[in-house]
Amino acid sequence: MANYEGLKCRIDKGEVIILDGAIGTELQAMGVPMHPASWCGPGSYTHPATVRQMHERYIKAGADIITTNTFNTLRPALEASGYSELVREVNVRAVDAALEAIDRAAVNRPVYVAGSISCRTPVRDHRTRTLLGGTGYGYGASLSTAELRTYAEEQADILAESGVDFFLIENLWADNESRAIAAEAAKATGLPVWVAFTASVAPDGQAVRMNFGDERHYTGGLGMPMWTETWRPVDDNKSLAEGINEIASVGPDVLGVFHSRIDATTAALQVMLDEWSGPVVVYPDAGREDYLETWQDSTVSNEESVEELTREAATWVDMGAQVIGTCCGFGHQYTKSLRGALPTGTTSPRKVA
């Protein structure tokens, strides 16, 4: 397995690093069924060979970093999907699939494993304490701070023990408290921690928010509400700049923008560069709305072509981003294009102040 110190050295020297692409939608396209509450997470248990093959695709396409299929394998999500007795097994198998893919791909370069943690959780009924299923793009705010911290620490410990090189905190939306909880749990293992933010440009065209854009038309998954009165309060209008400064106090190694549309990503990147001195990772999504469908409709194409995404990614490198990848909807073909088209390095590497 590659050593994170090697990756840090490459970043410090100014190398452009390629992160992999979509995990859930890539598995969905490969025939792994999605679950409304835990999305692609159970796939590591039910379809381990396909998960491994998905990672191999990205490695062969040129990815320097592959991300474990653990974005939605926190205990409450698995509990709502009927896997409450298999939390450790699902997470361990996810890491095993990544490590096995590196061995099988047998490329002559180091490949690093990022352990994904998110707080995409189902709603807990405040009357029965039962987890009721998905919330479309659920938030950690549906759980108490103490409960969420317990679950994040459990997952972080499992992933660290299983052999990830570092953590990638991929929390959605404006709940920065959940983002901090997950980052703190990951840091407690002693491994490096990268933290990513979603972003959109406010209707006034000025402020960049830690939120999804108004054009997103997600549903409530299993008919559940997007918000209940029992949730922790969240400042939906908090700016990305405010969120970055809050998370910077946790001591991350890398910050970034993910799961955001391309135009919002560019705007958010500028905010990130203004507020954060360290290395930046960027990996946008394709804006698909069928993430939670059991099967992906192969007749629905992404709005952005491989060429369009790659051109914009070159701009992000010019701006100062050093780690480039993609997210939901952008598969291994996009990774291959990024590997072939982006410069190999930058003359102005960024370092944590």
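Details
- Residue tally, condition over 16 Å from the mean Cα position of the chain (by Cα) and open to solvent by 40 Å² or more (accessible area, probe 1.4 Å), over the stretch 249-274: 4
- Close contacts from the stretch 180-192, counting a first residue that is touching a residue at least 40 places away in the same chain (Cβ under 8 Å) and a second that is open to solvent by 40 Å² or more (accessible area, probe 1.4 Å) and not in a loop (DSSP other than H, G, I, E, B), with Cβ to Cβ under 8 Å and a gap of 6+ residues or different chains, come to A180/E246; I181/T145; I181/R149; E184/R149; A185/R149; A185/E153; P192/K8.
- The residues in the stretch 107-153 that are open to solvent by 40 Å² or more (accessible area, probe 1.4 Å), over 20 Å from D235 (Cα atoms) and at pLDDT 90 or above can be counted, and the count is 6.
- E308 outside any loop (DSSP other than H, G, I, E, B), open to solvent by 20 Å² or more (accessible area, probe 1.4 Å) and in contact with a helix residue (DSSP H, G or I) (Cβ under 7 Å, 6 or more places away or on another chain): no
- Residues in the stretch 20-40 that are among the β-branched types (V, I, T) and open to solvent by less than 20 Å² (accessible area, probe 1.4 Å) were compared, and the one that is nearest to A313 (Cα to Cα) is T25.
- Count of the stretch 154-172 residues which are surrounded by 24 or more Cβ atoms within 10 Å (Cβ to Cβ) and not in a loop (DSSP other than H, G, I, E, B): 6
- Exactly one residue among V271, V257, V282, V317 is touching a Gly at 6+ places or on another chain (Cβ under 7 Å) and of a type in the set (A, V, I, L, M), and that residue is V282.
- The requirement of being of a type in the set (A, V, I, L, M), closer than 25 Å to A314 by Cα, open to solvent by 10 Å² or more (accessible area, probe 1.4 Å) and at pLDDT 95 or above is fulfilled nowhere in the stretch 5-19; no residue meets it.
The values are calculated or read from the model by the stated rules, or taken from the named source; none is laboratory data. In this text, all values refer to a predicted model and were calculated from it rather than measured experimentally. No Cβ is skipped: glycine too gets one built from the backbone with ideal geometry, and neighbour counts run over all protein chains shown. Accessible surface is based on the protein model in full, side chains and every heavy atom, while ligands, DNA and RNA are left aside. Shrake-Rupley method; radii C 1.70, N 1.55, O 1.52, S 1.80 Å.
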